[in-house]
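For reference, the structure discussed in these notes is given below.
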Amino acid sequence: MARAAALPPSRLSPSTLPLLPLLLLLLQETRAQDVRVRVAAEVRGHLGDTVELPCYLLPPAPEVRVSQVTWQRLDMSEDLQNVAIFHPQYGPSFPSPKPGKERLSFVKPGQGTAAGTGTMVDVRDATLALRGLTVEDEGNYTCDFATYPQGTIRGVTWLRVIAEPQNHAETQEVTLSLEPVPVARCVSAGGRPPARVSWLSPLDGETRESQASGPVPGTVTVTSRFTLVPLGRADGVKITCRVEHESFKEPVLLPVTLSVRYPPEVSISGYDDNWYIGRSEATLNCDVRSKPEPTGYDWSTTSGVFPASAVAQGPRLIVHSVDKLFNTTFICTVTNAVGTGRAEQVVLVRDTPRASPQDVGPVVWGAVGGTLLVLLLLAGGALAFILLRVRRRKSPGGGDGGRGGTYEDPKTQVFGNGGPVFWTPTAPGPPRPEGKDEEEKGLMLPPPPAIEDDMESQLDGSLISRRAVYV
């Protein structure tokens, strides 16, 4: 097979031999066409840090010669300028004042030592380092390799400058009102690009956002205010400012506790609906929720008459002895720096104390126990009555308890006791309809007493009834 595939040298025409160098040159051109520049499509750098712009010539083909590497920048004004040049013989140069040679350098070790020595350096890595990153450094950077025989090969990198913002949130103390006002503020200062600010709150509110120039040119400060109608229930509620930025690994959460000033919200406790004549040491408490704290308490009545045995001690009203004058409505009025609040409590004075649950309990349980006992006795009596009826039905009839109820000697059993016997003829009744006997059998009625069970033999051979009364 190898001999069949090979071309014998004797068959090569002498005219084809001069074409071999041309064939080898075409193969080299084909390999050179595969050479390319590898760069990063986008590089992000933080403001003030050092960033590297990678640029490589691939693959490292020895037949491709690099004559020069040039870095160009297309700034915001779309002006193209050379910022860094490297020559294999003369070394690096930085013609543009911005960024300038103070901030630029080629990363590859040894490339900076060839300048002015006349030594040729094989340049394959043209990675450029940029120090002290500023906002003006943002733009498109082009890496150009001037090669032979390929020509110029380039790659473009977009450099983004990022500034991490500084964040803080604070509450804004407000006074109770019916109009929405800002109650909290969150500031994200000096971000590039601007930060995204939002609020997490259990209350219904709105967000108002504004932007301004940051402390460093090219940065932005975002201010977000959370607004709502400030009511007393909003005081002390925690809300959270959420800041998102591409320089953060995760969002920043800043909690804030709302502060709302409102007048006193008053309620009265301590009345148990058991104030009676002569009761001592009863109290009423004036419960207050307010911001700021109350500055004064005042106790009064709707009747205008204040009982002499009642003593007001701030939020407490102490009653030493209850009398008819307490049969009124008490008012507690509380004042703070914002306003005034009040509450009322109606008091009903009884002649005698109301039975307490401790006193009623034994009576109730006694009544329940007695009722259960009566029910048990009734159930027992009913059960005994039913058992007695069942036993009587099962036992044979007769005044003396039936034939098995008394003992009789053999003579009496054979001849009887000699009394007369009376027979009552029974007239035949009308014929019973068909099926009547079956119906009575189905009713399970007790059978009539047999005649022989009611008769007793006498000494003279006669039979007399055991139940008949003879005169």
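The values are calculated or read from the model by the stated rules, or taken from the named source; none is laboratory data. Just so it is clear, the model here is predicted, and its values are computed rather than measured. Every residue, glycine as well, gets a Cβ built from its backbone with ideal geometry; the counts of neighbours run over all protein chains shown.
As a summary of the residue check, Thr147 satisfies the conditions (1) among the β-branched types (Val, Ile, Thr); (2) modelled with pLDDT of 95 or more; (3) more than 50 Å from the chain's Cα centre (by Cα) except for the one numbered (2). The lone criterion from (1) surrounded by 10 or more Cβ atoms within 10 Å (Cβ to Cβ); (2) modelled with pLDDT under 95 left unmet by Asp287 is number (2). No other residue among Arg185, Arg154, Arg208 is among the basic types (Lys, Arg), more than 13 Å from Ser224 (Cβ to Cβ) and touching a strand residue (DSSP E or B) at 6+ places or on another chain (Cβ under 6 Å) apart from Arg154.
For the range 49-71, filtered to residues that are surrounded by 13 or more Cβ atoms within 10 Å (Cβ to Cβ) and either within 45 Å of the chain's Cα centre (by Cα) or of a type in the set (Val, Ile, Thr) (or both), the residue that is farthest from Thr142 (Cα to Cα) is Val64.
For every residue, the table says whether it meets (1) more than 29 Å from Ser259 (Cβ to Cβ); (2) in contact with a strand residue (DSSP E or B) (Cβ under 6 Å, 6 or more places away or on another chain); (3) without any contact (Cβ under 8 Å) to a residue 40 or more places away in the chain.
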position: Arg289; (1), (2), (3): no, yes, no
position: Thr302; (1), (2), (3): yes, yes, no
position: Val311; (1), (2), (3): yes, yes, yes
position: Phe326; (1), (2), (3): yes, yes, no
position: Val334; (1), (2), (3): no, yes, no
position: Ala343; (1), (2), (3): no, yes, no
position: Arg350; (1), (2), (3): yes, yes, no
position: Pro353; (1), (2), (3): yes, yes, no
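The residues in the range 226-237 that are buried (at least 20 other Cβ atoms within 10 Å of the Cβ) and outside any loop (DSSP other than H, G, I, E, B) can be counted, and the count is 3. Could you tell me whether any residue of the range 193-206 is in contact with a Gly (Cβ under 8 Å, 6 or more places away or on another chain) and either part of a loop (DSSP other than H, G, I, E, B) or at pLDDT 95 or above (or both)? Scanning the range 193-206 turns up at least one residue that is in contact with a Gly (Cβ under 8 Å, 6 or more places away or on another chain) and either part of a loop (DSSP other than H, G, I, E, B) or at pLDDT 95 or above (or both). Given the criteria polar (S, T, N, Q) and not assigned by TED's automatic domain parsing to the domain that holds Lys98, does Gln211 qualify? When the stated conditions are applied, Gln211 passes them.
Candidates in the range 306-333 are the residues that are among the β-branched types (Val, Ile, Thr) and out of contact with any helix residue (DSSP H, G or I) (no Cβ under 8 Å at 6 or more places or on another chain); of these, the one that is nearest to Pro294 (Cα to Cα) is Thr333. Quick one: is Pro294 touching a strand residue (DSSP E or B) at 6+ places or on another chain (Cβ under 7 Å) and either assigned to a loop (DSSP other than H, G, I, E, B) or small (Gly, Ala, Ser) (or both)? Answer is yes for this residue. Examine the range 239-254 for a residue that is outside the structural domain of Gly45 (by TED's automatic domain parsing), assigned to a strand (DSSP E or B) and surrounded by fewer than 13 Cβ atoms within 10 Å (Cβ to Cβ), and state whether such a residue exists. The answer is yes, given that some residue of the range 239-254 is outside the structural domain of Gly45 (by TED's automatic domain parsing), assigned to a strand (DSSP E or B) and surrounded by fewer than 13 Cβ atoms within 10 Å (Cβ to Cβ).
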